[in-house]
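A.B. asks: Got a structure here, written out as structure tokens. Questions coming.
Bear in mind these aren't lab numbers, they're just calculated from the coordinates by the rules spelled out. Remember, it's a predicted structure, so these values are computed and weren't measured experimentally. Glycine also receives a Cβ, built like all others from the backbone with ideal geometry; neighbour counts cover every protein chain displayed.
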Amino acid sequence: MTLSETIYQHSLRLPEQAAREALDFIEFLEQRYGVAEPATAPTPTRDISRQQALAHLANIRIDWGGQPIPDRDALYDDDRAGG
């Protein structure tokens, strides 16, 4: 079994939130070591994860001083980009 497969097998045993943290850490390491993502369309898994996160955010109610969140998609993208 390759190292990538071993990491994948371990990730399958994690709760969803822990798996997301692991993915965030891997993405951090990619940035740290200058590993560029391939210039291809988003993978279906990544798109589904994004949709699930946005659906979860849609159910969260936070007091923003009576103002609606202007653009949930932009907030999600900004957070993932570290901004």
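A.B. asks: Once the other residues with Cβ under 15 Å from the Cβ of residue 14 are scored (Lys, Arg +1; Asp, Glu -1), what is the net sum? Don't skip to the end; give the middle numbers.
C.D. replies: Working: positive: 13, 20; negative: 16, 21, 24.
Neighbour charge sum, excluding residue 14 itself: -1.
A.B. asks: Let me ask something additional. Starting from 0.36 nm per residue, how many nanometres of slack lie between residue 29 and residue 1 once their C-alpha separation is accounted for? It would help to have the intermediate numbers written out before the result.
C.D. replies: On the way: separation 28, 0.36 × 28 = 10.08 nm, distance 2.21 nm.
Gain in length upon complete extension: 7.9 nm.
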